[in-house]
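S.K.: Attaching a single structure in structure tokens format; questions to follow.
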Amino acid sequence: MKIWTSDHTFDHPWETVVKAAWRKYPNPMNPSVQGIDVVERQVTPDGKLKSHRLLSTSWGLSAWVTKIVGMDQVCYASEHSEVDTANRTLTMRTRNLTFCNVVTVDEYLSYVPHPEDRTRTTLHQEAVVTVKGVPLGSYLETVMTDSISNNAGKGRQAMEWVIGRIKTEAQDLKQEAQKCMDTVLPKTPTSRTTSL
């Protein structure tokens, strides 16, 4: 078993980062996630948004690794998430579904406001990789945690890309709304003074 952890701080408020997390895929930085399907989504009586999604991914591992662990090029994972706006937390738990008999990958992510600066957001990531019943199990665990680490860096870049898109969209909407307001509302004449 190998455990990988990472912490990162985004220079954006929690609300912005959470919006970006929901819109993270697809993105050009990390094309490994090829599809996302929502299985279930509900708002609980205490106001938490809970979701269950299925993700189709491609790990991009070497052909010899995929042969040893019996893994297809496209893998599937189950993600359970919870947004708690009262406590300002987003948690995501993901587990692979494709090659569970040989490889288990459990990932956990949490987004919370930075404890000292509420205009920033802290991301904590953790992954536990277990390979069993195949030769070179420990080595394969290292290969997979290295892949997770590499993809996590791409994922943070993707978050920044999505945040940039959100800001651009907001600015475009603001400009479009202003244009609409300018055409709908009559312009008030400027007052003039005349001398007698």
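S.K.: Shape call for the range 139-185 from the C-alpha gyration tensor, a ≥ b ≥ c root eigenvalues: rounded (a/c under 1.5), prolate (a/b greater than b/c) or oblate?
M.R.: Working: a/c = 12.12, a/b = 8.21, b/c = 1.48.
It comes out prolate by the Cα gyration axes.
S.K.: Report the net charge of residues surrounding Arg41, where surrounding means a beta-carbon distance below 14 angstrom and charges are Lys +1, Arg +1, Asp -1, Glu -1. Display every interim value, and only then the final one.
M.R.: Numbers: positive: Lys48, Lys50, Arg53; negative: Asp37, Glu40, Glu79, Glu82.
Surrounding charge for Arg41 is -1.
S.K.: What net charge is computed for the residues neighbouring Gln125, neighbours being all others with C-beta under 10 Å from the C-beta of Gln125, Lys and Arg scored +1, Asp and Glu -1? Write out the running numbers ahead of the final one.
M.R.: Values: positive: Arg156; negative: Asp7, Glu107, Glu126.
Neighbour charge sum, excluding Gln125 itself: -2.
S.K.: On to the next question. Working from the alpha-carbon coordinates of the chain, get Rg over Rh, Rh being the Kirkwood radius.
M.R.: On the way: Rg = 22.9 Å, Rh = 19.4 Å.
That ratio is 1.18, to two decimals.
S.K.: When only Cα pairs under 8 Å and 6 or more residues apart are kept, what is the percent relative contact order across the chain? Could the numbers behind the result be given before it?
M.R.: On the way: 331 pairs, mean separation 47.7, N = 196.
Relative contact order, the chain: 24 percent.
S.K.: For the chain, what does the helix formula give at 222 nm: sum of -39500 (n - 2.57) over DSSP H segments with n ≥ 4, over the residue count, nearest 500 deg cm²/dmol? Can you show the working numbers first?
M.R.: On the way: 3 runs with 64 residues, N = 196.
One gets -11500 deg cm²/dmol as the mean residue ellipticity at 222 nm.
S.K.: Under unit Cβ charges (Lys, Arg +1; Asp, Glu -1), what dipole magnitude, rounded to 20 debye, does the range 130-183 have relative to its Cα centre?
M.R.: On the way: 7 positive and 7 negative charges, 19 e Å.
My answer is approximately 100 debye.
S.K.: Are there GluC sites (Glu not before Pro) in the range 103-154 that DSSP marks as loop and that have at most 16 other Cβ atoms within 10 Å, and which are they?
M.R.: Values: sites: Glu107, Glu116, Glu126, Glu141; in loops: Glu116.
In loop regions of the range 103-154 (DSSP not H, G, I, E or B), the sparsely surrounded GluC sites (Glu not before Pro) are Glu116.
S.K.: Moving on. Of the options Pro31, Thr145, Ala77, report the single residue whose Cα projects farthest towards the positive end of the charge dipole of the chain (beta-carbon charges: Lys, Arg +1; Asp, Glu -1).
M.R.: Ranked along the dipole, the leading option is Pro31.
Values in this text are rule-based calculations from the coordinates and carry no lab data. Worth saying up front: this structure is predicted, and the values here are computed from it rather than measured. In this analysis, Cβ positions are derived from the backbone assuming ideal geometry, glycine residues included, and neighbour counts consider all displayed protein chains.
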